[in-house]
Amino acid sequence: MSSRTQHLSECSKDHSWDVAIVGGGASGLGIAVDAASRGLKTILFEQYDFAKGTSSKSTKLVHGGVRYLAQGNIHLVKEALEERGILERNARHLFHRQEFIIPNYKWWGGPYYSLGLKFYDLLSKDLSLGPSTWIKKKHVKQKLPTLKTKGLSSGISYFDGQFDDARLAINLAQTASSLGASVFNYTKVTKFEKDSNHRITHLEVEDTETGTEYAIPAKTIVNATGIFTDTIQKMQNPKHKKTVVPSQGIHLMLERSVLESDTAVMIPKTSDGRVLFVIPWHDKVIAGTTDTLIKKPTIEPIPLKDEIDFIIETLNAYLKTEVTRKDVLSVFSGLRPLAKPKKEDTSTKEVSRSHKILQDANLVSIVGGKWTTYRKMAEDVVDVICRNTEVVFIPSSTKTIAIQGNISSEEQLPDDHLQMYGKDRSAYIELENSDPHLQQKIHPKYPYTLGQVTWAVQHEMARTVEDLLSRRIRLLLLDAAAAIESAPTVARHMATLLERSQEWEEQQIASFKQVASLYTLMD
């Protein structure tokens, strides 16, 4: 019996679970950290891998949201800016201060955006990442050499946060575990067992690796499944009405030469009124995002041709470097779980990103929100749990809890691909140096090694080739073709580590290629 299987079996025999969380994305993992830190006996189940859905496919920004300021949602912006500052302090190894420039092609752009961003600075208070400034045309040209300059008037420079979303999710899972929570990926909640008062007494959970089913007793159940929130709520109440509106956002990954700068571009109003970001990330460039209403949620949404064309056309309207479909290294698509508005005709770009907490007996559901405010969302959910159960109310302390890998403000990490390990970097290097074989690259063009595969399996709960190539390292998002080429090497090494058969190895390669095909542009 594997240690994972044994742990699951032991959890099913434990009748003291205060909180059982369904969903292992940003919200669920944040709730697990908060609940465990308050002394609540906490267990979490994720049907796929941690952050496989929306939480690994964001724009990689930790920000207040300039567009929400334009919409007049001051409370959300203020809350998000505070959370941005808290995350910078608690996960320094993953957080990066990113300069943005808004290019002004109208004379009034300078004073208009300058005034708005000064207010943005003001709302940041002592957690500001740096002041916004009006800059002359010549300085915009220096910072953004590939930006079209015809008609350019000036620019506004401001700062926001950037991070690695999937890596933060893994670190949150590790943090929750260190606080006493039990967290499992590849465990599907299939059914709720209820008493005569319609309160949930047990969750029926299937270990999707073995097919074994377990009955897990819990006092409170949290539904943190994002775009699948309504599916879980219908398990509790078949008459449940829709509460989530899925909105699809896609991002294109391009070579660094498209921007040739460490400064990002923010286009505040594209041809259809949306915001477009062009951002340096892991020595590549991310361009996105879109907002397209989707009727039926899916774990691997397919990017639409119109979305891809929209981003390429917008890039070519602003950049000298012509971008074509052939330049796209990867396209990734995620569905935002927006809280359903009261007005049916509200467009997705106008739907608030504020979160809502819903209750049905002892099922608590969290809808809406965004990565930046995950910690505050978790605090609010656990506050509700504490006030509605017999546990002693203990205020949240997550504002000051260091996330796994965090380094002190005095420490400096080398700017390389191992920076994501933070304080664990030395332990990783020691592992890699213990065996020359682990220093072998999984792809000649990229620095990732077999040592990182080993570390991911042993310390980060990686169970599949996709877990490794998509979320433990980010190669699938950075270069889909290179990820596909790396799959056989990764599968072979993982099969050895996990004691899997050659059949498993072959299935993993085939399965990964199928998923990765969604990240490539097929003409």
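The values are calculated or read from the model by the stated rules, or taken from the named source; none is laboratory data. Just so it is clear, the structure is predicted and the values come from calculations on it, not from any experiment. No Cβ is skipped: glycine too gets one built from the backbone with ideal geometry, and neighbour counts run over all protein chains shown.
Is it the case that residue 503 is among the charged types (D, E, K, R) and over 25 Å from the mean Cα position of the chain (by Cα)?
yes
Do the conditions hold for residue 92, that is, is it surrounded by fewer than 22 Cβ atoms within 10 Å (Cβ to Cβ), within 19 Å of the chain's Cα centre (by Cα) and either more than 21 Å from residue 135 (Cβ to Cβ) or of a type outside the set (A, V, I, L, M) (or both)?
Values: surrounded by fewer than 22 Cβ atoms within 10 Å (Cβ to Cβ): yes; within 19 Å of the chain's Cα centre (by Cα): yes; either more than 21 Å from residue 135 (Cβ to Cβ) or of a type outside the set (A, V, I, L, M) (or both): yes.
Yes: the conditions hold for residue 92.
May I ask you to verify whether residue 76 is over 17 Å from the mean Cα position of the chain (by Cα), in the same structural domain as residue 377 (by TED's automatic domain parsing) and either closer than 30 Å to residue 146 by Cβ or part of a helix (DSSP H, G or I) (or both)? Walk me through it before giving the result.
Values: over 17 Å from the mean Cα position of the chain (by Cα): yes; in the same structural domain as residue 377 (by TED's automatic domain parsing): no; either closer than 30 Å to residue 146 by Cβ or part of a helix (DSSP H, G or I) (or both): yes.
Considered against the rule, which asks whether it is over 17 Å from the mean Cα position of the chain (by Cα), in the same structural domain as residue 377 (by TED's automatic domain parsing) and either closer than 30 Å to residue 146 by Cβ or part of a helix (DSSP H, G or I) (or both), residue 76 comes out as no.
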Quiz prompt | Segments classed as helices (runs of 4 or more DSSP H), wholly inside segment 407-523, with at least 2 members that are of a type in the set (D, E, K, R) and over 30 Å from residue 306 (Cβ atoms) | solution = 425-433, 502-516
Quiz item: With respect to residue 513, is the statement that it is charged (D, E, K, R), free of Cβ contacts under 8 Å to residues at least 60 places away in the same chain and within 22 Å of residue 167 (Cβ to Cβ) true?
Solution: no
Exercise. Write out, first by first residue and then by second, each pair whose Cβ atoms fall under 6 Å of each other, whose residues are 6+ apart or on separate chains, and whose first residue, in segment 15-42, is over 16 Å from residue 373 (Cβ atoms) while the second is among the aromatic types (Phe, Trp, Tyr) and not in a strand (DSSP E or B).
Key: 24/50; 41/17
Self-check item: Output for segment 124-135, where each listed residue is surrounded by fewer than 18 Cβ atoms within 10 Å (Cβ to Cβ), out of contact with any Ser or Thr (no Cβ under 6 Å at 6 or more places or on another chain) and at negative phi
Solution: 126, 127, 128, 131
Quiz item: In segment 210-233, how many are surrounded by fewer than 17 Cβ atoms within 10 Å (Cβ to Cβ) and either without any contact (Cβ under 8 Å) to a residue 12 or more places away in the chain or not in a strand (DSSP E or B) (or both)?
Solution: 4
Quiz item: Can you tell me which residues in segment 127-184 are in contact with an Asp or Glu (Cβ under 7 Å, 6 or more places away or on another chain) and part of a helix (DSSP H, G or I)?
Solution: 127, 170
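Answer yes or no as to whether residue 254 is out of contact with any Phe, Trp or Tyr (no Cβ under 8 Å at 6 or more places or on another chain), in contact (Cβ under 8 Å) with a residue 60 or more places away in the chain, in the same structural domain as residue 117 (by TED's automatic domain parsing) and under 19 Å from residue 303 (Cβ atoms). I'd like the intermediate steps shown before the answer.
Working: out of contact with any Phe, Trp or Tyr (no Cβ under 8 Å at 6 or more places or on another chain): yes; in contact (Cβ under 8 Å) with a residue 60 or more places away in the chain: yes; in the same structural domain as residue 117 (by TED's automatic domain parsing): yes; under 19 Å from residue 303 (Cβ atoms): yes.
Yes.
Restricting attention to segment 420-472, which residues are acidic (Asp, Glu) and within 24 Å of the chain's Cα centre (by Cα)?
Those that are acidic (Asp, Glu) and within 24 Å of the chain's Cα centre (by Cα): 424, 460, 466, 467.
Any residue in segment 78-87 that is in contact (Cβ under 8 Å) with a residue 24 or more places away in the chain, of a type in the set (A, V, I, L, M, F, W, C) and over 29 Å from residue 232 (Cβ atoms)? Break it down into steps so the answer makes sense when it comes.
Our first condition is that a residue be in contact (Cβ under 8 Å) with a residue 24 or more places away in the chain; within segment 78-87, this holds for 78-87.
Okay, now just the ones that are also of a type in the set (A, V, I, L, M, F, W, C), so 80-81, 86-87.
Restricting the remaining residues to those that are over 29 Å from residue 232 (Cβ atoms) gives 81.
Looking for residues that are in contact (Cβ under 8 Å) with a residue 24 or more places away in the chain, of a type in the set (A, V, I, L, M, F, W, C) and over 29 Å from residue 232 (Cβ atoms), one finds at least one in segment 78-87, hence yes.
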Self-check item: Output for segment 95-126, where each listed residue is basic (Lys, Arg) and in a strand (DSSP E or B)
Solution: 97
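Working only within segment 260-279, note down all residues that are free of Cβ contacts under 8 Å to residues at least 40 places away in the same chain and crowded, with 21+ Cβ neighbours inside 10 Å.
Step one: of segment 260-279, the residues free of Cβ contacts under 8 Å to residues at least 40 places away in the same chain are 269, 272, 276.
Selection gives 276 alone.
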Exercise. Would you point out which residue out of 391, 384 is more than 23 Å from the chain's Cα centre (by Cα) and without any contact (Cβ under 8 Å) to a residue 40 or more places away in the chain?
Key: 384
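Residue-wise test of (1) in a helix (DSSP H, G or I); (2) farther than 18 Å from residue 103 by Cα; (3) aliphatic (A, V, I, L, M); (4) in the same structural domain as residue 230 (by TED's automatic domain parsing).
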| site | (1), (2), (3), (4) |
| --- | --- |
| 274 | no, no, no, no |
| 279 | no, no, yes, no |
| 306 | yes, yes, no, no |
| 316 | yes, no, no, no |
Exercise. Could you pull out the residue among 349, 295, 343 that is modelled with pLDDT under 90, under 24 Å from the mean Cα position of the chain (by Cα), surrounded by fewer than 20 Cβ atoms within 10 Å (Cβ to Cβ) and over 21 Å from residue 275 (Cβ atoms)?
Key: 295
